[in-house]
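Step one of this worksheet: look at the structure below.
The values are calculated or read from the model by the stated rules, or taken from the named source; none is laboratory data. Predicted model, so just to flag it, every value in this text is computed and none were measured. Cβ sites come from the backbone with ideal geometry, for glycine too, and all protein chains shown count toward neighbours.
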């Protein structure tokens, strides 16, 4: 193994300076004087470097370690800001839905319930009474006068009488609320509205308005 191309490269020889060579490399070092001499030089440099004293640390480095402030954990509202924001949006949505249900609940009753509560119309009650009973008139002997009476009572006069009777009927039944939510349920709904409003305001304050607290770094003190 006297050819130059058969020598070990410098990188491998430098690595062999800090470890024991295997059997194949040991056989090559025993036969190749050039590789053996370079390997011994690397080992000598390594031993010389290990014998040197360790350099002292810079004073700035030691001062920075001695005066380093303790790390501070982030505040709880900053660590859970994603959960707070999601909960705030959910509470605001429930607040709007519950408030709309309490305020607008009586307006969405079925038409059958409204008709049952209001009762029949006064005009419908007066319509049968406005029509003459011909059988009773014949028995009383005034059948001959019926055409004249019917002619004098025109539809306009009948409508006027029905309108006057309707005006005399008190209109309080139409102005009264059609249906009212039970008092207990309404009270619980308002309690839920107050609680949701408080949660929405608190979540908006802690999740959106409060600034994030970060770790403060103190300046390095040099001696």
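No other residue among 54, 104 is at pLDDT below 90, over 30 Å from residue 204 (Cα atoms) and out of contact with any strand residue (DSSP E or B) (no Cβ under 7 Å at 6 or more places or on another chain) apart from 54.
Per the listing 23, 44, 62, the residue uniquely farther than 30 Å from residue 194 by Cβ and at pLDDT 90 or above is 44.
Scanning the stretch 72-82 for residues that are surrounded by 12 or more Cβ atoms within 10 Å (Cβ to Cβ) and free of Cβ contacts under 8 Å to residues at least 40 places away in the same chain gives 79, 80.
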